[in-house]
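For reference, the structure is listed below as structure tokens.
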Amino acid sequence: MKSIRNRRDGYALLFAASILLAIWHCITFMLKEVIFFAAISCISLLLLVRQSRLLYDATLIYANRILGVPSDPISTPGRQMNKDTGETVVSTFGILMGSKIYRWGLDGVHGVRLQAAQIDTERMYLAFGDAVQTMKVELLHGMTQKQAVLDVAQKLLHETGVRADITGW
Amino acid sequence: MSGHNLFGPRRLSIVAFSFSFAYMLSFLFEGRVLYGLLEMHGVNVSAYIFAAMIAHFAGLLTCGLFVRSQSAAKSIMLSGMGVCLVATVPFFFALSSLWIIGLIVSGYFSGGAVAAWGFFLRAFTPKNDRIKSCADVLIYSNLLMIAVNVVAMNGSPFIGLSLAMLCLVIGIAFIWILPVRQENDQSKTFINKTHGGIKNPLILLCLFVFIITINSGLMYQVINPAFGHLTGLVSWYWAVPYIVALAIMRNLPMTAKRSRILYIGMAMIMGAFISFMLLGRKTSDYLIVDTLMLGACGIFDLFWWSILGDMLDYSDNPAQTFGIGLSANVFGVLCGGILGMSVTSIGLPGAEVAVIALTVVCVTLVMLPPLNRQLVLLLKSHTYLAAYDNMSQSQQKDIVRQIKTLDPLTVREQEVLQLILSGRSNREIAAALFISESTVKTHVRNIFSKYDVSSRAELISTLLKNQMV
């Protein structure tokens with residue numbers, strides 16, 4: 001999440017600087033520079049808005065954590081396993097892994113929603129998607145106590161309405 | 001207190017306010033007294049009127065800060081009217097700075113007195129009859145204003161001023177004998193459980209009132225000067241269609257749909273501007289334009305006055321709610337007046353001025369139906385929530401179970417929904433469930449989506465409508 005915030009701040013700075021420079025060049029009647037910096041302002045504003053939305057989602061996911069796994073690997077079928085130094089958070093509204101976000105439950109009945117969850121002795125499998133496509137992720141949950149697994153499953157049911165399938169415990 | 005037996009508290013409060021309000025209408029704002037006095041001295045009328053209106057706006061807006069009980073409301077009404085009486089005296093003498101000071105002072109204190117009447121409207125008039133009390137006040141005060149106007153126009157502005165002050169004195173006498181009733185604990189409990197407050201409906205109503213009254217202000221500046229030559233007729237006929245519209249609205253059955261009446265008002269106001277553009281400036285033309293315009297104003301005014309009266313039940317401080325609602329009216333008239341003055345001062349031909357004014361009217365009126373819809377929904381949600389509070393816990397749970405959703409609610413969403421139905425705001429729900437406000441907002445959005453509604457008011461009315469029936 002820190003990297004998302006840093007990137008958001010960077011875009012905000014870029015936007016402020018480019019706006020100031022555009023105004024400055026406008027005052028001094030340097031048209032080409034004005035257009036150049038105005039274009040940069042527009043682009044940085046778009047990026048700023050996008051990054052701010054991302055940060056909002058990340059904050060929401062972080063604030064509603066169901067399970068937190070420090071430095072956890074996450075993989076998606078057909079893709080190479082990623083490694084991230086940050087904490088992986090499974091939450092009511094998605095998964096946050098470093099600067100990567102998988103969202104669900106943020107856009108009502110027609111948006112992406114958590115569909116199924118399975119927890120075995122090592123991994124947690126989560127399926128989510130909308131009417132068009134479904135995505136699956138698996139992660140090492142790091143839980144060693146059965147009670148902890150039951151607690152996570154209970155919380156998942158309470159928050160998302162999805163009953164986790166617990167196997168191998 | 002023989003006055004109590006003769007009138008009853010409700011009628012007493014109506015009479016007291018009508019006389020006081022008649023002074024404001026005939027002297028400060030709409031009447032010919034102040035215009036006559038200022039024109040006698042050849043000074044700029046608009047500056048004086050706008051100063052009084054700004055002061056009145058401030059008085060309405062700030063009254064709620066000082067008045068928190070019915071006894072304080074009575075004191076403010078008495079002292080405010082007393083100050084107005086003193087501040088009016090300089091107008092019998094030569095033009096001086098005391099005139100503008102007097103106008104500002106009386107504008108401010110009369111604003112406070114009007115807002116304070118909110119306490120008496122709530123205490124003495126049952127909810128369903130508030131439209132009648134509001135109509136009575138507006139009818140009586142306008143009739144008195146016509147009488148003062150006719151005297152001021154045909155006699156002397158000084159006689160008109162004396163009559164306006166007489167109205168004020170009679171108003172003060174009736175306020176003096178107004179009983180002060182302690183609000184019982186039950187009604188206080190109800191008022192305090194106002195389901196997240198009335199902030200949103202009040203903001204919406206203010207916007208609604210502002211838009212309606214912009215047109216009134218515009219009308220004063222655009223239409224009135226065009227019929228300036230019909231002084232005699234204008235002095236008495238000006239407010240007659242307004243009074244007739246109020247009387248019709250007052251006696252409509254409770255089942256009559258308010259939104260339909262609103263559309264009639266909109267059609268009338270547009271008809272008035274179109275007639276103004278197409279017709280000449282003869283007496284018959286004035287009768288048509290004024291009847292349409294002031295009739296619409298009567299409809300609109302009673303429409304929002306009655307909504308404001310209904311809102312008093314959900315308010316902790318009726319003076320504040322009433323004052324804020326009425327200040328939106330004054331602000332609208334002020335903005336409309338400034339707009340009208342700007343349009344007329346450019347020096348465009350009359351037809352072009354009318355076209356510009358009509359464009360403003362059309363644009364503003366288009367916004368009324370959606371605003372009205374939202375307002376009705378919000379007020380309905382308050383009514384439903386009041387009924388919900390009186391249900392048992394099992395009944396409350398049944399309501400949520402009975403209504404089908406597009407997708408089942410999660411346990412967390414059910415918790416949030418129960419709190420929405422108990423009238424909590426997002427912040428209060430967040431505090432109750434120990435989650436962040438943005439989390440609550442996200443759950444609320446998801447609940448809306450599952451019930452296929454677009455607002456909290458719509459959600460509440462959807463859930464509780466069947467139960468109420």
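Residues in region A:107-163 that are within 14 Å of chain B (Cβ to nearest Cβ) and small (Gly, Ala, Ser): 6 in all. Here is the figure for region B:290-313: residues that are modelled with pLDDT of 90 or more and closer than 12 Å to B:Leu202 by Cα total 0. Just so you know, in region B:163-201 the residues that are basic (Lys, Arg) and not in a loop (DSSP other than H, G, I, E, B) include one that is modelled with the highest pLDDT, and it is B:Lys199. Residue check: is B:Ser327 among the polar types (S, T, N, Q), under 22 Å from the mean Cα position of the chain (by Cα), surrounded by fewer than 19 Cβ atoms within 10 Å (Cβ to Cβ) and assigned to a helix (DSSP H, G or I)? Spelling it out, it is not the case that B:Ser327 is among the polar types (S, T, N, Q), under 22 Å from the mean Cα position of the chain (by Cα), surrounded by fewer than 19 Cβ atoms within 10 Å (Cβ to Cβ) and assigned to a helix (DSSP H, G or I). Can A:Ile4 be described as at pLDDT below 95, more than 14 Å from every other protein chain (Cβ to nearest Cβ) and within 30 Å of A:Ala148 (Cβ to Cβ)? Judged against the criteria, A:Ile4 is a match. I'd like to know if region B:62-77 contains one or more residues that are under 28 Å from B:Asn224 (Cβ atoms), in contact with a helix residue (DSSP H, G or I) (Cβ under 7 Å, 6 or more places away or on another chain) and surrounded by 18 or more Cβ atoms within 10 Å (Cβ to Cβ). Checking region B:62-77: not a single residue is under 28 Å from B:Asn224 (Cβ atoms), in contact with a helix residue (DSSP H, G or I) (Cβ under 7 Å, 6 or more places away or on another chain) and surrounded by 18 or more Cβ atoms within 10 Å (Cβ to Cβ).
Only residues that are exposed (fewer than 14 other Cβ atoms within 10 Å of the Cβ) and within 30 Å of A:Thr59 (Cβ to Cβ) were counted across region A:4-41, and they come to 5. Taken residue by residue, region B:32-50 has no member that is surrounded by fewer than 21 Cβ atoms within 10 Å (Cβ to Cβ), of a type in the set (Lys, Arg) and either in a helix (DSSP H, G or I) or at pLDDT below 90 (or both).
Residue by residue, here is whether (1) over 17 Å from B:Ile269 (Cα atoms); (2) at pLDDT 70 or above; (3) within 14 Å of another protein chain (Cβ to nearest Cβ) holds:
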position: B:Met341; (1), (2), (3): yes, yes, no
position: B:Ile346; (1), (2), (3): yes, yes, no
position: B:Ala357; (1), (2), (3): no, yes, no
position: B:Met367; (1), (2), (3): no, yes, no
position: B:Tyr388; (1), (2), (3): yes, no, no
position: B:Gln396; (1), (2), (3): yes, no, no
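Quick check, is B:Asp136 under 21 Å from B:Asp310 (Cβ atoms), acidic (Asp, Glu) and modelled with pLDDT under 90? Lay out the reasoning, then the answer.
Working: under 21 Å from B:Asp310 (Cβ atoms): yes; acidic (Asp, Glu): yes; modelled with pLDDT under 90: no.
Criteria not met by B:Asp136.
The values are calculated or read from the model by the stated rules, or taken from the named source; none is laboratory data. All of these numbers come straight from a predicted model, not from anything done at the bench. Cβ sites come from the backbone with ideal geometry, for glycine too, and all protein chains shown count toward neighbours.
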